[in-house]
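Notes follow the structure.
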């Protein structure tokens, strides 16, 4: 086999001495970053979220304390280790000092877990010097072992896997050296360093297993939530597609018929009056515009991102066309604009246009023959709108199914911008729609932006007064 036919490792990754040395360097770098810089890093334990279901069942005066249950558990463990250590020993100064060396690292877990680990190692080394009468089983007697194992597991829970391996090696080495030095000073050692290294390793393996299992459960829960969200989104898209299809099949068909008949009607009458031709042309133009608006809305409904429509949105500059359509129907209509006209945010202009459009439609439907007046007031804090029509002079159209939804929709549009809208009848039989849409100036002289809810400072009638 020559060089041209020699097999190469798949994926281009080589395994050998260099890879081993690289892994050791990476492990040492991770350990150094986690255990040296982390020793001076403040990492307090998390408190329970305020919206936790179990916390809501706790009486209000105790919720703050209950939310810090992790910190309380750590301090209780430190107190338990302290009492456990002191009970069989006389209360002397050297006993108290060695007890603090054992229990203080456990208490530090609430704020500086890595620093607690180094202090715990220092306690293993310094405790025999401070209190030589520790016993032949030091450093593996029950309170010392429980304290150091608690600190070790708490630090390893947050550490990288490579760091966990080095923690085990370092802890076993320090404990073994302390045991050998301690037994040389006199007492017979009752536990071998190898046994304790095995105990530390077994505890860390169990911790890694639990941590891996918990991580897998979290990933499964996140994936399940994503699947549910995708399924819910798919269901909503299907429902919107059904609605869009029904609207297209029913409304678009009828509007198309209206447009075609309005265009063909003048040719079916000999010498039609000019007023009739203009009226039919207006009907056709409105039908075509309605079809275009319907197609745009259906495109938004079918889209999975309806918040970003591609078609240009109507603005206040197009209100003249709305008023002209009302005049074409034989009504007296006028548009009055006061104040310093300036560019407004697209959302404000669109909402103002829709409010005026809906108000004019209601005037045409429910106040036949009445004059209509549209007032726009560009004030310092926003835009005032007033659409007023006089009393009806003709037969009123019967309310259709769903009547009243238009006013509700206008009110919601104004509320979304932090404004307000009122609509009601006047004493003379007319009808007024008044709205105020707040606008805040952009810092630095930029274009104004819409205010958030609750910031409006004037009503529509005050702005248009």
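Here are a few things to note about the model shown:
- Residue 219 vs. criteria over 24 Å from residue 160 (Cα atoms) and surrounded by 10 or more Cβ atoms within 10 Å (Cβ to Cβ): no
- Breaking point among (1) at pLDDT 90 or above; (2) over 19 Å from residue 412 (Cβ atoms), for residue 392: (1)
- Only listed residue being surrounded by 14 or more Cβ atoms within 10 Å (Cβ to Cβ) and in contact (Cβ under 8 Å) with a residue 40 or more places away in the chain, chosen from 247, 280: 247
- Filtered residues of segment 377-389 (kept if outside any strand (DSSP E or B) and either farther than 25 Å from residue 437 by Cβ or modelled with pLDDT of 90 or more (or both)): none
- Matching entry among 104, 149, 79 (being surrounded by fewer than 19 Cβ atoms within 10 Å (Cβ to Cβ), under 23 Å from residue 201 (Cα atoms) and modelled with pLDDT of 80 or more): 149
- Of all positions in segment 178-197, none carries a residue that is assigned by TED's automatic domain parsing to the domain that holds residue 102, modelled with pLDDT of 75 or more and surrounded by 20 or more Cβ atoms within 10 Å (Cβ to Cβ).
- Qualifying residue in segment 341-355 (condition: in a helix (DSSP H, G or I) and closer than 18 Å to residue 424 by Cβ): yes
- Scanning segment 45-61 turns up no residue that is surrounded by fewer than 16 Cβ atoms within 10 Å (Cβ to Cβ), in the same structural domain as residue 115 (by TED's automatic domain parsing), more than 37 Å from the chain's Cα centre (by Cα) and over 24 Å from residue 150 (Cα atoms).
- Of the residues 356, 348, 326, the single one that is more than 19 Å from residue 416 (Cα to Cα) and surrounded by 18 or more Cβ atoms within 10 Å (Cβ to Cβ) is 326.
The values are calculated or read from the model by the stated rules, or taken from the named source; none is laboratory data. Remember, predicted model here, so these are calculated numbers, not experimental data. Neighbour counts are summed over all protein chains in view; Cβ atoms, including those assigned to glycine, are modelled from backbone coordinates with ideal geometry.
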